[in-house]
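Values quoted throughout were computed directly from the atomic coordinates according to the rules given, and no laboratory measurement underlies them. What you see is a predicted model; the values in this text were computed from it and never measured. Using ideal geometry, Cβ is built from the backbone for each residue, glycine included, and neighbour counts are taken over all protein chains shown.
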Amino acid sequence: MTLADLKPGQSALVQDVRGDDTIAVRLLEMGVIEGTRITFLGSAPLGDPLEFELPGYRLSLRRKEAERVVVAPQETTV
């Protein structure tokens, strides 16, 4: 499962960032690292970009970038 597969409000733990190019490095520099909890907040009206919440800040990613981040979904508590 990737970040692009999450539903609004769903949280997940980052497992891996695919690739070793500048985009992958940039994602790691922005805090998208293994073990980080990330929550999908929503998307723009046409579905791109996607907005996520990480500890301490919000991050917008293109769908193609979000598809490179492998995650493990977490149980949602209401």
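Net charge near residue 63, counting Lys/Arg +1 and Asp/Glu -1 over other residues with Cβ under 13 Å of its Cβ?
Values: positive: 62, 64, 68; negative: 5, 48, 51, 65, 67.
Net charge around residue 63: -2.
Report the convex hull volume per residue for the range 3-73, counting only C-alpha atoms, in Å³. Before the final figure, lay out each step's value.
Working: hull volume 5.1 nm³, N = 71.
About 73 Å³ per residue, rounded to a whole number.
Which longest uninterrupted range of the chain lacks any trypsin sites (Lys or Arg not before Pro) assigned by DSSP to a loop state (not H, G, I, E or B) and surrounded by at most 15 other Cβ atoms within 10 Å?
Values: sites that count: 18, 62.
That would be 19-61.
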